[in-house]
Amino acid sequence: MYASGAFVAEHVEPVSEQQVQPNGVDLTVEAVLQQTDTGRIGRDGKAIGSREPVEPAADGGTDTFRLSPGGYVLQYAETISIPDDHVGFLYPRSSLMRNSCMLNTAVWDAGYTGKGEGLLQVHHDVELESGARVAQLVLADADHEGSYDGSYQGERVE
Ligand SMILES: O=c1ccn([C@H]2C[C@H](O)[C@@H](COP(=O)(O)OP(=O)(O)OP(=O)(O)O)O2)c(=O)[nH]1
């Protein structure tokens, strides 16, 4: 069973009322990166290629990422903590999809804490304001053996 948005909100920081949805919590854009060299997925390890930030344009006092078609790494602004007995899934906001963009995501493991990342595919020019809501995190009940102890534990958490 999926948890309510109010329950998910207890595991997202910071969170405003506007972000809390009936079934989940919206996450917002903190930064957009472009990969600049080769990464590697090996049998026993992996390496993430270097990335460079896309500089936002200052639009009447608001920072806006103006993105042309391509693949970008999007960094969320919120720290997520996936509680025991749950697994997290992230979906794009449908308005992003309706604007010819897609956010690709993976599994959010029980015990993970951090500010995660997603792959943003842009199929038509789009503008994303810094701090805009782009995705929704949901939590489902899940059995698990052990808790997340991988290389991304605590990422970007001060
Ligand atoms: O779209 C997603 C999905 C998950 N995560 C976070 C939560 C998850 O628990 C963590 C690690 O994901 P995964 O286990 O898939 O990473 P890996 O590639 O297997 O690396 P490692 O073995 O170091 O964990 O990344 C994201 O940032 N974005």
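The values are calculated or read from the model by the stated rules, or taken from the named source; none is laboratory data. Since the structure is predicted, the reported quantities are computational estimates derived from the model, not experimental observations. Counting neighbours? That spans all protein chains shown, and the Cβs are built from the backbone with ideal geometry, glycine included.
Evaluation of G70 against the conditions (1) of a type outside the set (K, R); (2) within 14 Å of V32 (Cα to Cα); (3) near the ligand (Cβ under 9 Å from one of its atoms) shows that the sole unmet condition is (3). Mind checking which residues of region 46-67 are at pLDDT below 95 and within 16 Å of the ligand (Cβ to nearest atom)? The answer is none; no residue qualifies. From the list G111, G150, G118, the lone residue that is in contact with a Ser or Thr (Cβ under 6 Å, 6 or more places away or on another chain) and outside any strand (DSSP E or B) is G111. Apart from one condition, T79 fits all of (1) in contact (Cβ under 8 Å) with a residue 24 or more places away in the chain; (2) in contact with a Phe, Trp or Tyr (Cβ under 7 Å, 6 or more places away or on another chain); the exception is (2). Within 30 Å of A6 (Cα to Cα), within 16 Å of the chain's Cα centre (by Cα) and either near the ligand (Cβ under 10 Å from one of its atoms) or surrounded by fewer than 16 Cβ atoms within 10 Å (Cβ to Cβ) (or both): is that true of G146 in this structure? No; evaluated as a whole, the condition is false for this residue.
Within region 78-94, does at least one residue satisfy the condition of being crowded, with 18+ Cβ neighbours inside 10 Å, more than 14 Å from the ligand (Cβ to nearest atom) and more than 20 Å from S16 (Cα to Cα)? No, region 78-94 contains no residue that is crowded, with 18+ Cβ neighbours inside 10 Å, more than 14 Å from the ligand (Cβ to nearest atom) and more than 20 Å from S16 (Cα to Cα). Of the strands (runs of 3 or more DSSP E) that lie entirely inside region 34-100, those containing 1 or more residues that are within 15 Å of D125 (Cα to Cα) span 57-59, 62-67, 70-76.
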